[in-house]
Amino acid sequence: MRIALAATCLADTLFPGAPRATVRLLERLGHDVVFPRGQACCGQMHINTGYVEEAVPVVRNHVETFAPVADGAWDAVVIPSGSCTGSVRHQQAMVCRRAGLDDLAATAEAVAARTYELSELLVDLLGVTDVGAWFPHRVTYHPTCHSLRMLRVGDRPLRLLRAVEGIDLVELPAAESCCGFGGTFALKNADTSAAMLADKTANVRGTGAAVVTAGDTSCLMHIGGGLSRQRAGIGTLHLAEILASTREEPTPLPRVRAGATEVTR
Amino acid sequence: MSAREDVLQRIRAALGQPGAGTTPAGRVGTAPAAVEVPREYRTAGDDAPGSEAVVEQLVDRLEDYRAHVHRVTADELPAVVARLVGELAPVSGARPSVVVPPGLEPRWLDALPSDVVVHRDSPDAPMTAVQLDEMSAVLTAARVACSETGTIVLDGEPDQGRRAISLVPDVHLCVVRTDQVVQTVPEMVRRLADHPERPQTWISGPSATSDIELDRVEGVHGPRTLHVFLPTIDDATGIDDN
Amino acid sequence: MSTFLGIPGIRRRSDDAAPEGSDPFGPVPHPDEPLRWGEPFPAAAKQTLQDDQLRRKLGHATRTIRAKRASVVGEVPDWEALRDTGSAIKEQVMANLPDLLARLEENVTARGGVVHWARDAAEANRIVTEIARAQGADEVVKVKSMATQEIGLNEHLAAEGIAAIETDLAELIVQLADDMPSHILVPAIHRNRAEIRDIFRRRMGDAPEDLSDVPRELAMAARAHLRRKFLSAKVAVSGANFGVADTGTLAVVESEGNGRMCLTLPETLVTVMGIEKLIPTYEDLEVFLQLLPRSSTGERMNPYTSLWTGVTPGDGPQEFHLVLLDNGRTDVLADEVGRSALHCIRCSACLNVCPVYERVGGHAYGSVYPGPIGAILTPQLTASSGGMSGADDVNASLPYASTLCGACYDVCPVKIDIPSILVDLRAREVDADRGRAVDPWRAAMKAASWVMSDGDRFGLAGRAATLGHVVGGRDGVVSKAPPPASAWTRSRDLPVPPQQTFRRWMAEHEKDGGER
């Protein structure tokens, strides 16, 4: 299949490991990955902060960049993010309509219909749960809110992780509770966000995992930021980075702060 | 403009009806799209009204919230009622007392010990709340019961009486015929829908509160003890079900 | 008589024995506006977050009730179908509101009731006061009701010399403590048993001196205290969970039996009902009386539900008044997106699952409607007094009091899409501020919009960001950033930008022919 990758603005700039792993994984499974260079951002941050007017050009850019998928230029668009996929599916057309751009809204819907979050793409479209990965570490999985409740990815990520060779997958207590990120919520309501994060990191630390994984780099930035500040010695990896890991080309454990000093595990 | 006219006008404005002006915040709304109400939920249970399965489920639910359940035959009922009432402590005076509605099946009282005082309340000769507060117990029939939720409904007919009599006394003795037991809430509501104007009390357990640290405490203001008698259908003794 | 001070906005203690000048238990200053008090949400939350004991109480309570709800909802095979029907019925009600209200009025009147209409809180309060006065009552007993909380009825009656006695246990606790409710279903959720014992001892005139903090004993003390009131009250005031247009039937759903007492024993009953509480037919109760108890208290059915239609000769109150309340509801109805907030049946399931509510508690929302539903309802209900007019109003902070995690939408028995409404309200607040206040967020969002709407510009910005790779030093993280990022780095590290953006890597990768 020819699959267009929407890397997400955050991962493109700050967490390139996630989209890199997505490319490696899909190519390993025998697919062509295309990166439309016009892409920037899906518009979610603007929309969820209330700046819908400012979101319109951002949404337009995304929709127009990925519009060829509606004409069959690619078989699908993949996004290694639950919340960005959710925004594409549930918000972009609404933003266009609100701005009176009905044609763009229709295109947005056509693009959204062919857009998949990574675990959806693998399990539903490509029909695979064992991607041939190897990752011999203790891992716990945080189901991000938007993948869980907006996209309803269900146990797809866990099915993919369970099939990884060598993995020691441990359950995260109160896994379905929000980590407190919420986009600009983390800044506008920083104290409440930090209180939620404290509970999440306590639960993560209780698992004894070396790595916490999720389908969203944004939530991982939040959880990882908390763990790093606490010098918990636990790193974060995007789901794609674990699924891309093989014996031949293993994904190294992330550099983390632990105790008083930095360690490489 | 009257408040009535004003509020209705605001609603019309909110619904985008032309010429209705604006809402207080200066808004004019849009007309909502027509709605089709889906009705895919269960309107009947798997088990027939009055079947052993629904009666058993009702018993389970009632006992779950610690009501006392008595499965008796028609002939046994008066004696069981008599035993329970006879054991009650008097609230005032020296003898236990029981209030009954005007149309209560008379046979149910046949076996009462002679020292029990029976008060027959009626809308024409209503007891005061203070008088009711001195009763040991109340004995009533019921209209319908729902097994899934453990609910018993009284609707104020002569065999159940005014709402106050089944509220103020601390012990409620309630006779539910097995043919009055249905499985689901919709079946119960549809039986009640014949007379929606009757004052209804749906009872699902003794009164309870969880207002202190979500710790459940039973028996607050309503009757603290609920006895439910489930005589089988052949014991109906001519009670009119309307 | 109690210590009536006669100053508007000062709430009277309902207890005769409270010593003059004693400190109220309530941490909440008595608000003049039940839908708008205190500081903006972030500041108010910052305060309540410091109360570790409160967080433990809330954590325990919400976990308990969440588990109960999940268990009784799980046993209903057609739960989703019921939600679909409930949601559609409410949508239908909103679309036909004028007709349905007229029908309700007609049926209540035909059965001997008197229907009043109130544009706002002041009008509703005046109507209730006049009815109580006409009965010569200086005391009324009350069934727990959000509508009367919302209009500040108790405070108004107090100012008119009429004592309103809350008879729900939690409402009684809140009232005795001179406090504000912090939960829709469990208003005293922020109080533990020891505090409740102290409140009863100090403020409930007839509390036993040796009262312990065992919940059963506390509940029995309240029972004894209230029983005398029930047996002597002439006038009762209630809200309504549902009003059936086709029959004129009203429904009150409760647990303790205080509702039955109030609805049955007094000679006069006044019910204050929001105009959105309607359902079209009696049979529709078969849907809502399944949805509400399981969502609310987590029971298969609540212990008591009372239904009455006007006046029943010889049974219950012989004088019945129904007050139909607007108080901002028509403003909500006018909002195409926000109007579904009016579908709310006040179950409070959204509070119990909300990770924000669980940490900050109800008082941080500065409204009698806290939690997710409060965050969408309060600003809209106060729209005519500026609740939606942008940053000037404290209520403008409420739509941001959510991570949009979506847990509220999942449990809502009438499927109110709270996250989408929150997002829409945020947009309205931002739009209301356009061209007014100086907004650093807008400047940032505008700049970001320009960068993020073009791949080349975004690529350049990304490359520029990689220059920041050096700022992280040895740790590879930023631990102390200047504002506004300082809000982040107070409790979390920031990663430093990588040496290479993804798109640069991808360009090289493509040049290599897609090989790794």
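Filter the range A:131-152 down to residues that are assigned to a loop (DSSP other than H, G, I, E, B) and either within 13 Å of chain C (Cβ to nearest Cβ) or more than 29 Å from A:Gly233 (Cα to Cα) (or both), then give me how many there are. So that I can check it myself, show each step before the final result.
From the range A:131-152, those assigned to a loop (DSSP other than H, G, I, E, B) are A:131-133, A:135-137, A:142-144, A:151-152; that's our starting set.
Add one more test, that the residue is either within 13 Å of chain C (Cβ to nearest Cβ) or more than 29 Å from A:Gly233 (Cα to Cα) (or both), and what stays is A:142-144, A:151-152.
Summing the residues that are assigned to a loop (DSSP other than H, G, I, E, B) and either within 13 Å of chain C (Cβ to nearest Cβ) or more than 29 Å from A:Gly233 (Cα to Cα) (or both) in the range A:131-152 gives 5.
The lone criterion from (1) in the same structural domain as B:Val185 (by TED's automatic domain parsing); (2) surrounded by 18 or more Cβ atoms within 10 Å (Cβ to Cβ) left unmet by B:Asp47 is number (1). The selection criterion, being of a type in the set (Gly, Ala, Ser), within 30 Å of C:Asp51 (Cα to Cα) and touching a Phe, Trp or Tyr at 6+ places or on another chain (Cβ under 7 Å), holds for C:Ser397. Among the conditions (1) assigned to a helix (DSSP H, G or I); (2) away from chain B (no Cβ under 11 Å); (3) more than 30 Å from B:Glu40 (Cα to Cα), C:Glu105 misses just one, which is (2). Among the criteria (1) among the aliphatic types (A, V, I, L, M); (2) touching a residue at least 60 places away in the same chain (Cβ under 8 Å); (3) within 14 Å of chain C (Cβ to nearest Cβ); (4) assigned to a helix (DSSP H, G or I), the one A:Leu104 does not fulfil is (2).
From the list B:Asp215, B:Asp241, exactly one residue is within 14 Å of B:Arg143 (Cα to Cα) and either modelled with pLDDT of 95 or more or not hydrophobic (A, V, I, L, M, F, W, C) (or both). Which is it? If you could, list the steps in order and put the result at the bottom.
Working: B:Asp215 fails: within 14 Å of B:Arg143 (Cα to Cα).
Result: B:Asp241 is the single residue among B:Asp215, B:Asp241 that is within 14 Å of B:Arg143 (Cα to Cα) and either modelled with pLDDT of 95 or more or not hydrophobic (A, V, I, L, M, F, W, C) (or both).
Residues in the range A:1-40 that are in contact (Cβ under 8 Å) with a residue 60 or more places away in the chain, closer than 20 Å to A:Val111 by Cβ and not aliphatic (A, V, I, L, M): A:Arg2, A:Thr8, A:Pro19, A:Thr22, A:His31. Taken together, the residues in the range C:445-500 that are in a helix (DSSP H, G or I), within 9 Å of chain A (Cβ to nearest Cβ) and either within 24 Å of A:Val56 (Cα to Cα) or out of contact with any Lys or Arg (no Cβ under 9 Å at 6 or more places or on another chain) (or both) amount to 16.
So which of C:Ala207, C:Ala159, C:Ala170 ends up being more than 9 Å from every other protein chain (Cβ to nearest Cβ) and closer than 20 Å to C:Val140 by Cα?
C:Ala159
Identify the residue in the range A:23-44 that is surrounded by 24 or more Cβ atoms within 10 Å (Cβ to Cβ) and at the interface with chain C (Cβ under 8 Å from one of its Cβ atoms) and, among all such residues, is nearest to A:Pro68 (Cα to Cα). Selected residue: A:Gln39.
Take the range A:223-238 and flag every residue that is under 13 Å from the mean Cα position of the chain (by Cα) and facing chain C (nearest Cβ under 10 Å). Matches in the range A:223-238: A:Thr236 only.
This table checks each residue for (1) at pLDDT below 95; (2) within 14 Å of chain C (Cβ to nearest Cβ).
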position	(1), (2)
B:Ala3	no, yes
B:Val7	no, yes
B:Arg10	no, yes
B:Gly45	no, yes
B:Glu52	no, no
B:Leu58	no, yes
B:Asp64	yes, yes
B:Arg71	no, no
B:Pro90	yes, no
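When C:Leu325, C:Leu289, C:Leu333, C:Leu263 are checked against the criterion of being out of contact with any Lys or Arg (no Cβ under 9 Å at 6 or more places or on another chain), hydrophobic (A, V, I, L, M, F, W, C), within 10 Å of chain B (Cβ to nearest Cβ) and touching a residue at least 24 places away in the same chain (Cβ under 8 Å), a single residue qualifies: C:Leu289.
Could you check, for the range C:273-290, whether at least one of its residues is in a helix (DSSP H, G or I), at pLDDT 95 or above and within 27 Å of B:Gln131 (Cα to Cα)? No; the residues of the range C:273-290 include none that is in a helix (DSSP H, G or I), at pLDDT 95 or above and within 27 Å of B:Gln131 (Cα to Cα).
Examine the range C:55-66 for a residue that is buried (at least 20 other Cβ atoms within 10 Å of the Cβ), of a type in the set (Gly, Ala, Ser) and in contact with a Lys or Arg (Cβ under 9 Å, 6 or more places away or on another chain), and state whether such a residue exists. Scanning the range C:55-66, I find no residue that is buried (at least 20 other Cβ atoms within 10 Å of the Cβ), of a type in the set (Gly, Ala, Ser) and in contact with a Lys or Arg (Cβ under 9 Å, 6 or more places away or on another chain), so the answer is no.
Can you work out which of the residues in the range A:174-217 that are more than 13 Å from every other protein chain (Cβ to nearest Cβ) and assigned to a helix (DSSP H, G or I) is surrounded by the most Cβ atoms within 10 Å (Cβ to Cβ)?
At the first step, the residues of the range A:174-217 found to be more than 13 Å from every other protein chain (Cβ to nearest Cβ) are A:204-215.
If we keep only those that are assigned to a helix (DSSP H, G or I) too, we end up with A:204-206.
Numbers: A:Val204: 26, A:Arg205: 17, A:Gly206: 12.
Among those that are more than 13 Å from every other protein chain (Cβ to nearest Cβ) and assigned to a helix (DSSP H, G or I), it is A:Val204.
Residues in the range B:50-67 that are in a helix (DSSP H, G or I) and surrounded by fewer than 20 Cβ atoms within 10 Å (Cβ to Cβ): B:Glu52, B:Ala53, B:Glu56, B:Val59, B:Asp60, B:Glu63, B:Asp64.
Taken over the range B:114-132, the criterion of being polar (S, T, N, Q) and within 12 Å of chain C (Cβ to nearest Cβ) is satisfied by B:Ser122, B:Thr128, B:Gln131. Right, C:Ala427: at the interface with chain A (Cβ under 9 Å from one of its Cβ atoms) and of a type in the set (A, V, I, L, M) or not? Yes.
The values are calculated or read from the model by the stated rules, or taken from the named source; none is laboratory data. This is a predicted model, so every value here is computed, not measured. Ideal geometry is used to build each Cβ from the backbone, glycine not excepted, and the neighbour counts take in all protein chains shown.
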